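This report concerns only the one structure given below.
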Amino acid sequence: AARGHFVKAARGSRSSPKLAAVSAMAGRGPIVEVGRLPPSGPYETQDPFLFCVYHYDQYPAGDEKMQAPKVGNGADFNPSQQYRMYHGTRVPGFPQHPHRGFETITATLKGLIDHTDSLGNAGRYGLGDNQWMTAGKGVVHGEMFPLVSSTEGNPLRLFQIWLNLPAKKKMSDPTFVMHWASEIPKVTSEDGLAKATVYAGSLLGATGLPPPPDSYAANPENDVAVWHITLEKGGRFVLPPASLGDQANRSIYFFEGDSLEVAGQKVPEKVRVVLKGGMACDLVNPSATSQSEVLLLQGRPIGEKMVQHGPFVMNTRDEIRQAFMDYQRTQFGGWPWPDDAMVFPRNKGRFALIKGQEYYPPGKDGTNPLIP
């Protein structure tokens, strides 16, 4: 049932919502287009990206099984609520579902995620960690949001980003890497009012941690960049030109805050700004009351025909049909876990289990999951 719900939801979101153009700013300096973000659901993206969604859920304290008070209906995406269950029933999240032909980047800001997959890999991550998974020829995974704290709320903030793979890499072996928060490079302005987290790409001398080996981002010539920029009150940050110049697609998403100036132009709240890759761009938060947050996605377009159906992204309809047949026949290796919506014990700390070996964040021992 979980898989069917996932496929249904994915089909419904495969065409990102169109942005209403704020035409007065288009064409000024580095600004190509400005448009409003949807109130919920995925943001519009440029090649090589397929999908980007920002999750912000104010989960309450969990019960003895790390469950929420309410019961999910299997497809709870209601933006008017304090929190959503998504495809979860009692623990929110996304029970096991398949992918083929692209990559997922799950960059966390708050909260915890329990990962399991059909390769027998697993992990608990969050609090700033980033999990990067190349689905390649096919993997089944689950991403659940256990409410680990039983005495306080369990707020969750994260980005889920899909990065496409070129045809020659779509059938690569699936794998994932875990980037722990303390090891992810960060850049801070001299006055301390602006900070950038470098999940991918290079920024002012800081280079993101290595992605999986078959990732589109593994080749620096593709100039893939994923940066999260926080501007405190009065903060300023200058985006340098992309290494590829205007050959790189570049978008920024103003997703939190009430005030932002882009290249000297004040933009409304909750917008995407498409930028010229070959020009530097000044970001300023003129607010006297609150910080602003921006996500940047950048990369060389793959430029190939793309066919997407639910959780599969290939180059032809025949390849999509083959993906469904392969999944029905092999289950992409089967599901080795006792529960479709697998969560780990409450006292289990952040960890990554890869090819039978368990890893922990630096200085951690696999306990105390809520301690950064």
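The values are calculated or read from the model by the stated rules, or taken from the named source; none is laboratory data. Because the structure is predicted, anything quoted here is derived from the model rather than measured. All Cβ positions, even for glycine, are placed from backbone atoms using ideal geometry, and neighbour counts span all protein chains on display. Keep in mind that these areas ignore ligands, DNA and RNA; they rest on the heavy atoms of the full protein, side chains included. Shrake-Rupley method; radii C 1.70, N 1.55, O 1.52, S 1.80 Å.
I'm checking my understanding of the structure. Among residues of segment 226-262 that are within 24 Å of GLU103 (Cα to Cα) and of a type in the set (Val, Ile, Thr), which one is nearest to the chain's Cα centre (by Cα)?
Out of the qualifying residues, it is VAL226.
Could you list, in sequence order, the residues of segment 202-231 that are part of a loop (DSSP other than H, G, I, E, B) and surrounded by 17 or more Cβ atoms within 10 Å (Cβ to Cβ)?
Matches in segment 202-231: GLY208, PRO211, PRO212, ASP214, SER215, ASP223, VAL224.
Kindly indicate whether any position in segment 83-101 is open to solvent by 40 Å² or more (accessible area, probe 1.4 Å) and farther than 30 Å from LEU283 by Cβ.
Yes: one or more hits.
Being crowded, with 23+ Cβ neighbours inside 10 Å and either of a type in the set (A, V, I, L, M, F, W, C) or not in a loop (DSSP other than H, G, I, E, B) (or both) is the filter here, so list the residues in segment 284-294 that pass it.
SER292, VAL294 - these are the residues of segment 284-294 that are crowded, with 23+ Cβ neighbours inside 10 Å and either of a type in the set (A, V, I, L, M, F, W, C) or not in a loop (DSSP other than H, G, I, E, B) (or both).
I need the strands (runs of 3 or more DSSP E) fully contained in segment 299-372, keeping only those with at least 2 residues that are surrounded by 11 or more Cβ atoms within 10 Å (Cβ to Cβ) and either in contact with a helix residue (DSSP H, G or I) (Cβ under 6 Å, 6 or more places away or on another chain) or modelled with pLDDT under 95 (or both).
Here the list reads 307-309, 312-314.
Looking at SER182, SER189, SER149, which is the one that is among the polar types (S, T, N, Q), at pLDDT 95 or above and open to solvent by less than 20 Å² (accessible area, probe 1.4 Å)?
Result of the check over SER182, SER189, SER149: SER149.
Matching residues to (1) within 15 Å of VAL148 (Cα to Cα); (2) at pLDDT 95 or above; (3) in a loop (DSSP other than H, G, I, E, B):
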residue: PRO39; (1), (2), (3): no, no, yes
residue: ASP47; (1), (2), (3): no, yes, yes
residue: TYR56; (1), (2), (3): no, yes, no
residue: VAL91; (1), (2), (3): yes, yes, yes
residue: GLN96; (1), (2), (3): no, yes, no
residue: THR106; (1), (2), (3): no, yes, no
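Please list, ordered by residue number, the strands (runs of 3 or more DSSP E) wholly in segment 232-277 having 3 or more residues that are of a type outside the set (S, T, N, Q).
Strands (runs of 3 or more DSSP E) meeting the threshold: 236-239, 249-256, 260-262, 271-276.
Take PHE159 and tell me if it is surrounded by fewer than 24 Cβ atoms within 10 Å (Cβ to Cβ), more than 20 Å from PHE332 (Cβ to Cβ) and touching a residue at least 12 places away in the same chain (Cβ under 8 Å).
yes
Which residue pairs have Cβ atoms under 6 Å apart, sit 6 or more places apart or on different chains, and have a first residue in segment 219-248 that is in contact (Cβ under 8 Å) with a residue 40 or more places away in the chain and a second that is in a strand (DSSP E or B) and open to solvent by 20 Å² or more (accessible area, probe 1.4 Å)?
Going by the 6 Å Cβ cut-off, the qualifying pairs are THR230/LYS195; ARG236/VAL284; VAL238/ASP282.
For segment 164-190, which positions are without any contact (Cβ under 8 Å) to a residue 24 or more places away in the chain and not in a helix (DSSP H, G or I)?
Listed by number, the residues that qualify are LYS186, VAL187, THR188, GLU190.
Report, by residue number, each residue of segment 302-325 that is within 21 Å of ASN219 (Cα to Cα) and without any contact (Cβ under 8 Å) to a residue 40 or more places away in the chain.
If the condition is that a residue be within 21 Å of ASN219 (Cα to Cα) and without any contact (Cβ under 8 Å) to a residue 40 or more places away in the chain, then LYS305 is the only one that fits.
If we keep just the residues of segment 165-179 that are under 18 Å from the mean Cα position of the chain (by Cα) and closer than 12 Å to GLY136 by Cβ, which is most open to solvent (accessible area, probe 1.4 Å)?
Across segment 165-179, the extreme among qualifying residues is THR175.
Does GLU64 qualify as being open to solvent by 10 Å² or more (accessible area, probe 1.4 Å), touching a Lys or Arg at 6+ places or on another chain (Cβ under 9 Å) and assigned to a strand (DSSP E or B)?
Judged against the criteria, GLU64 is not a match.
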